[in-house]
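Encoded as structure tokens, the structure appears first; notes follow it.
The values are calculated or read from the model by the stated rules, or taken from the named source; none is laboratory data. Everything numeric here is computed off the predicted structure, so don't read it as measured data. These accessible areas exclude ligands, DNA and RNA; they are computed on the full protein's heavy atoms, side chains included. Shrake-Rupley method; radii C 1.70, N 1.55, O 1.52, S 1.80 Å.
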Amino acid sequence: MTSCWVLTDGTVGMVNQALGFAEAMGLRPVLKTFRARAPWRFLAPQLWLMPHWAATPESDPIGPPWPDVIVACGSKSIAPVLRIRRKAAGRTKVVYVQDPTLDPRRFDLVVAPMHDRLSGPNVLVVRGAVNRVTPARLQAEAAKFAGRFDHLPRPRVAVTVGGNSAAYRLTPAIVGKLCTDLATLCRRDGAVLMVTASRRTGAEAEMMLRAGLKDLPAYFWDGSGDNPYLAFLALADYVITTGDSVNMVSEALVSGKPVLVAHLEGGTPKFRRFHADLEREGLTRPFAGRLENWSYTPLDDTQRAAAEARRRLGLGPA
């Protein structure tokens, strides 16, 4: 059996991307968390000297025997995996997820989103973020939560809300506008809402959302019990997601449902390219206060890139 590590800094988004890609490759990875201490955590990867000294006491042990494959994600994982690649003398293949912002030839493979505009003979380009969502997983989650949500009338609208980040702001005005638009869907179209917030939403914005939706046919997950997020994607007829998260938009597109993006305040050139690319391909549309119908082929870039990665690394079919 091919041995595999998933190496990240433990951030949920990084873990989900690297783990999702390893799983799509048909591997059973061991999760390794590497957290860097000062001064390494403040430096670009190419400036790390003796990266094996950079780990905090909370990091997982990282030493031989080295695995056959490492799938890494996040800038803090770069120097450690490049050191392992050297120590293993080519026996460990390193797949890096996202743009490493250094020469991709230093890795065996790089899996980069299209909006990063990265290219090279060992670069696999995907349209969004690789993730753990698959049609089979969506079907399983729908079955798991069927008793709780199958009675809801249609149209059902999954609403996934992100929040503040380095690039975006979820302002009170945007929350208020979102609540007003969602109320219109309920009253005009008879929509039922299935709503989840994220850690980045923040207590104040979440309270505003709950207050704005309290008199509507809306199920708002309260954070207790199993997370119904994937079940919402599977059981909904439409998905409305805020545009601050490449991960959330990419995961929603696996469902094949119309995905309407509610844009927040701010943005970066990369984010604008990401949203423009998806709109141009007919995958998403901006949320303009109404439900829209269109069809597209569900996003399968994670599975496609993982199969190509297995081929290039000589692992054979999964």
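Side notes on the structure shown:
- Listed values (i) 16.9; (ii) 19.8; (iii) 14.2, entry calculated as mean projected area of the Cα convex hull in nm²: (i)
- The figure for Asp222 is an accessible area of roughly 100 square angstrom, using a 1.4 Å probe on the protein chains alone.
- Accessible-area value, Ser198, 1.4 Å probe, nucleic acids and ligands omitted, Å²: 40 Å²
- Taking each residue as 0.36 nm, the span from Ala143 to Thr11 lengthens on full extension beyond its C-alpha to C-alpha distance by 44.6 nm.
- The count of lysine pairs in the chain that are at least 8 places apart or cross chains, and whose C-alpha atoms lie under 24 Å apart, stands at 9.
- Gyration tensor (alpha-carbon) shape descriptor, the range 161-318, a/c threshold 1.5: prolate
- Note on surface exposure: Arg310, Arg210 rank Arg210, Arg310 by accessible area, highest first, 1.4 Å probe.
- Cα centroid separation, the range 292-318 to the range 84-107 (Å): 21 Å
- Exposure ranking of Ile70, Ile174 by accessible area [1.4 Å probe, largest first]: Ile174, Ile70
- Shown for the chain are the DSSP H helices of 20 Å or more along their axis, judged by Cα atoms, with a mean Kyte-Doolittle hydropathy of at least -1.0: 172-189.
- The slack between Ser295 and Arg311, meaning 0.36 nm per residue of separation minus the straight C-alpha distance, is 2.7 nm.
- Cα gyration tensor shape for the range 85-180, rounded if a/c is under 1.5, else prolate or oblate: oblate
- Calculated mean residue ellipticity at 222 nm for the chain: -10000 deg cm²/dmol, from DSSP H runs with n ≥ 4 weighted as -39500 (n - 2.57), summed, divided by the residue count and rounded to 500.
- Accessible area in square angstrom per residue, the range 197-318, 1.4 angstrom probe: 46 Å²
- Accessible surface ranking for Ser295, Ser255, Ser77, 1.4 angstrom probe, highest first: Ser295, Ser255, Ser77.
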